Amino acid sequence: MRCYVEMAWISSTGVGILLFLIQMAILAWVRFDKHSSSAPIVSTVIIVPALVIFVVFAVNFYRQLVAHKVERSAKGLEEIETMANELDVGLRGSNNGIQTV
């Protein structure tokens, strides 16, 4: 289920913003093409770096998010291993006939 949630988040947020920025560039070409030849070019020159910055930010953010999830999972596994080792040592100690209270 988590995979579907992440795919929905990427689709709605990331792809939505990308399509919005592309739409702004296309609208600038449609709107300003008849009036001035430099206006669509200037708007595209402004929007393309915004697209690049957004993609770099999104990739960096997602990498940090995944790294954080991996770190949390590793800590959880270490805690479980520690508890299992303590339980194993406790069970071995109780088999030799000495009871601890």
### Summary
Scanning segment 40-64 residue by residue, those closer than 18 Å to Thr13 by Cα and surrounded by fewer than 11 Cβ atoms within 10 Å (Cβ to Cβ) turn out to be Val52, Ile53, Val56, Phe57, Asn60, Arg63, Gln64
### Task
Determine whether Thr82 is touching a helix residue (DSSP H, G or I) at 6+ places or on another chain (Cβ under 7 Å), without any contact (Cβ under 8 Å) to a residue 40 or more places away in the chain and polar (S, T, N, Q).
no
### Task
Could you check Leu77 against (1) of a type outside the set (Lys, Arg); (2) modelled with pLDDT of 90 or more; (3) in a loop (DSSP other than H, G, I, E, B) and say which number it fails?
(3)
### Task
Out of the residues in segment 1-39 that are touching a helix residue (DSSP H, G or I) at 6+ places or on another chain (Cβ under 6 Å) and either at pLDDT below 85 or small (Gly, Ala, Ser) (or both), state the one that is surrounded by the fewest Cβ atoms within 10 Å (Cβ to Cβ).
Asp33
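The values are calculated or read from the model by the stated rules, or taken from the named source; none is laboratory data. Since we're looking at a predicted model, the values are computed, not measured. Cβ sites come from the backbone with ideal geometry, for glycine too, and all protein chains shown count toward neighbours.
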